[in-house]
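One structure is given below, encoded as structure tokens.
The values are calculated or read from the model by the stated rules, or taken from the named source; none is laboratory data. Note that the coordinates shown come from a computational prediction; the quantities given were computed from them, not determined experimentally. Here Cβ is always computed from backbone atoms with ideal geometry, including for glycine, and neighbour counts include all displayed protein chains.
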Amino acid sequence: MIEPKLFYRELDSVLSQIGKAESGDRYFEVILEGLEQKFGNALGIARSHLFELRGDAYVRLYSSSSAKGFAVKDRVPAESDAVREVLKHGSFIYDNPALYREIGEKPKNRYAIPCAISVSSPDGQWIVAFELKDGWIREEITLFLNAVRTALNHRLYTDLINTELERVAQIQRSLLPRAAPRVRGYQIAERSQAAVIVGGDFYEYLQPGDGTFMLAIGDASGHGLPAALLVRDVVIGLRMGVSMDMRLIHTLKKLNRVIQGAMYSTNFVSIFIGELSEDGHLVYANAGHPPPFIVCGGRVTDLGTTGIALGFFEDLTLQQAYVQLEPEALLVLYSDGLIERKNDRDELFGIERLKAVVLDHWDRSPKEIVSAVYDAVFDFGLRENWEDDASLVVLRRVGDCRTASGNPAGGRAESPASSHSRPEEGGHPQGAPT
């Protein structure tokens, strides 16, 4: 009998290997070889075999060696009693000759009986069989079989989930812009960092074809698959709204109804969307998103919310507003994953630090500013993994920044009241250029 402490330590080591081993065509073979090496002598395991369900039978794909042992069949009917028993119990020791003869014939003048486990995932079903030599102990073999079966099933389902998540991530990445577009009179750069394989942040650039340029940034609550699916719906909805020549508010109200009808566990989306003309005139709506800000000549102007996030209420009350983007001015759009990143003292990076980094680098290119911000935020969080999705878009209007009407460099931040708004979705607000 194997010493219990050693047995559990070795078993834990093998189970860890099952979770970490590289996936591939030889995954099962590598694991089975490792199990034999670790437990062959201690538990009395002679050989291992792998069967896969194909049609109405389990077909043998692999045997660990050609040494003489149990003469395992190449094909075992799925309706056989031997298969039924292992599927029913999850693991089974075939110490009944009537059952093990359905799997194969034991060698003459030698002791050998099979035991087996069932392994499955939505992609397939397998039976892993081992040959037991004389001297095996039922309690040890039962514990071994059930531990291996649980670990293999968990690994197969984990791989499948990760594969599906990666497919969703590919879909999400395909929806997001691969690179900032070239827009006359503007320079643009962006970056998005997901906290998990798929995230809830998104940004989008839209060009209606009437000489204007639209950009949006948003954040679906939560992480993972539900948030990613909602992002897909929102991005597609934005594109459809622009293609149908809808106004900003009308498009967002349409999106709000789509989100209201969603069945995901997460269904709230904050979004900022703006429409820019070549002369710097920006019409925007901010549905509950962290306020973007404009930097020019040391003067910072916040673009506050003009309504609540999408998805809270069926009837959305949302205003649109406008502001003038001066030449050389920066427009900075971000998600809360940047400003809510914490350090070891549980302090938030915060909006003021974000503005300070942009002010310190405001005369550099948007791409350099994006890099500077991410470096600062990453370092602030002690270079640990990101706990929330974090996105940033920086846009600069090309030209000379006019500072006569503002403060010199290092001036105070201006409140959202500096922009103009009205609740109507049609036409320009009063006082705006036509």
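Data for the structure
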| read-out | value |
| --- | --- |
| Output for region 317-332, where each listed residue is closer than 15 Å to HIS361 by Cβ and either over 35 Å from the mean Cα position of the chain (by Cα) or surrounded by fewer than 21 Cβ atoms within 10 Å (Cβ to Cβ) (or both) | GLU328 |
| Filtered residues of region 30-63 (kept if among the polar types (S, T, N, Q) and under 13 Å from PRO114 (Cβ atoms)) | SER48, SER63 |
| Test set (1) within 15 Å of ILE273 (Cα to Cα); (2) part of a helix (DSSP H, G or I); (3) at pLDDT below 75 - ILE236 fails condition number | (3) |
| Count of residues meeting criterion [surrounded by 21 or more Cβ atoms within 10 Å (Cβ to Cβ) and of a type in the set (Asp, Glu)] in region 77-101 | 0 |
| Residue in region 364-372 that is under 26 Å from the mean Cα position of the chain (by Cα) and farther than 14 Å from GLN187 by Cα present | yes |
| Residue in region 92-103 that is part of a strand (DSSP E or B) and either assigned by TED's automatic domain parsing to the domain that holds ASP134 or touching a residue at least 60 places away in the same chain (Cβ under 8 Å) (or both) present | yes |
| Top-ranked residue of region 298-316 - restricted to ones that are touching a helix residue (DSSP H, G or I) at 6+ places or on another chain (Cβ under 8 Å) and acidic (Asp, Glu), ranked as surrounded by the fewest Cβ atoms within 10 Å (Cβ to Cβ) | GLU314 |
